[in-house]
1. Taking the stated definitions as given, is Glu109 open to solvent by 60 Å² or more (accessible area, probe 1.4 Å) and among the acidic types (Asp, Glu)?
2. Restricting to the stretch 149-175, give me the number of residues that are among the small types (Gly, Ala, Ser) and either assigned to a helix (DSSP H, G or I) or open to solvent by 40 Å² or more (accessible area, probe 1.4 Å) (or both).
3. Out of the stretch 43-65, which residues are more than 19 Å from Ser88 (Cβ to Cβ) and over 18 Å from the mean Cα position of the chain (by Cα)?
4. Could you grab me the full set of residues in the stretch 6-29 that are of a type in the set (A, V, I, L, M, F, W, C) and either open to solvent by 60 Å² or more (accessible area, probe 1.4 Å) or at pLDDT 80 or above (or both)?
5. Answer yes if at least one residue in the stretch 55-68 is open to solvent by less than 50 Å² (accessible area, probe 1.4 Å), touching a Pro at 6+ places or on another chain (Cβ under 9 Å) and in a strand (DSSP E or B), and no otherwise.
6. Within the bounds of the stretch 179-199, is there any residue that is among the aliphatic types (A, V, I, L, M) and at positive phi?
Amino acid sequence: NWLQKRSVLKNPDSWLVRHFFRTVHSGVDVTELSSMRATAVFACVRLISGTIASLPLHTYQRLDRGKERAPDHPAYKLLHDRPNPEISSYVWRQTAVAHMLLWGNSYNEIEYRNYKPVAIWPIPPWRVHVTRGKRGFRYYEITDDNGQTITLPAWKVLHYPNITLSGMTGMSCIRAGAEAIGLSLAAEEFGARFFGEGANMGGVVEHPG
C-alpha cells in the first residue's frame with residue numbers, strides 16, 4: 001500500500017496554512033491540527049471518535065426475509081477485529097472519525113489479494129484530492145512526500161465524508177468554525193501569558209503635571 005512504501009508523514013500544519021487557510025480576525029492561524037489545542041475541540045473529537053469506535057461493528061448478509069450476521073465474509077475480521085497488521089479495529093475507527101470531524105473526510109485504501117480484501121489502510125486526508133475522470137468515474141489522487149501522485153480508483157478507497165454539499169467531499173467542521181476556534185485559542189494564549197508574567201501589566205504611562 002502507498003502509506004507503507006512511499007510516505008513518511010510530516011506535520012501538515014504549515015502546509016495547510018500556506019495553501020488553504022488565512023489568519024482569522026483573532027490573529028491566530030487555525031488549522032485542523034492547531035485547533036486541537038482548543039480544549040473544547042479536543043474534548044469533542046475525543047468523545048465522538050472514541051464513542052463511535054467502541055460501538056459493535058458486524059458484517060451482515062441479506063436474506064429473502066431480513067438479514068443475519070456473516071462472520072465468514074472476508075471483510076468481517078477486517079472491520080470487527082483488525083483492519084491491518086498494525087492497528088486494531090478500535091484505533092482505525094477512532095482515526096477515521098477524527099479525520100472526518102477535523103478534515104471533513106476519512107480516506108482508507110482497501111488492499112486486495114486474489115480479489116478479496118485483506119487490509120484497510122488509513123490515508124492522511126490532507127494528501128488526498130478527489131476528482132473525476134473523462135468517463136465520469138471518481139478517482140483519488142494521493143500525494144506522497146516526494147511530490148509523486150498515486151491514483152486510486154473509487155473501488156479501492158473506503159471514503160467516509162462529513163456533511164457534503166457537492167456529493168464528492170465533506171465539509172470540515174474546523175473550517176466552518178475557524179473564527180470561534182481562533183478566538184478561543186487567542187484567549188487561552190492571552191490568559192497564559194498574562195498569568196505567566198505574574199498578572200502584571202507592563203509599561204509606564206506619563207502625563208504632563
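1. Working: open to solvent by 60 Å² or more (accessible area, probe 1.4 Å): no; among the acidic types (Asp, Glu): yes.
For Glu109, the condition - open to solvent by 60 Å² or more (accessible area, probe 1.4 Å) and among the acidic types (Asp, Glu) - is not met.
2. Final tally of qualifying residues: 3.
3. Tyr60, Gln61, Arg62, Leu63, Asp64, Arg65, listed by residue number.
4. Within the stretch 6-29, Val8, Leu9, Trp15, Phe20 meet the criteria.
5. Taking every residue of the stretch 55-68 in turn, none turns out to be open to solvent by less than 50 Å² (accessible area, probe 1.4 Å), touching a Pro at 6+ places or on another chain (Cβ under 9 Å) and in a strand (DSSP E or B).
6. yes
Yes/no matrix, rows are residues, columns are (1) at pLDDT below 85; (2) under 23 Å from Val45 (Cβ atoms); (3) not polar (S, T, N, Q):
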residue	(1), (2), (3)
Val130	no, yes, yes
Leu185	yes, yes, yes
Val204	yes, no, yes
His207	no, no, yes
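The values are calculated or read from the model by the stated rules, or taken from the named source; none is laboratory data. Worth saying up front: this structure is predicted, and the values here are computed from it rather than measured. Reconstructed Cβ throughout: ideal geometry from the backbone, glycine too, with neighbour counts over all protein chains shown. Quick note on the areas: whole protein, heavy atoms, side chains included, nothing else; ligands and nucleic acids left out. Shrake-Rupley method; radii C 1.70, N 1.55, O 1.52, S 1.80 Å.
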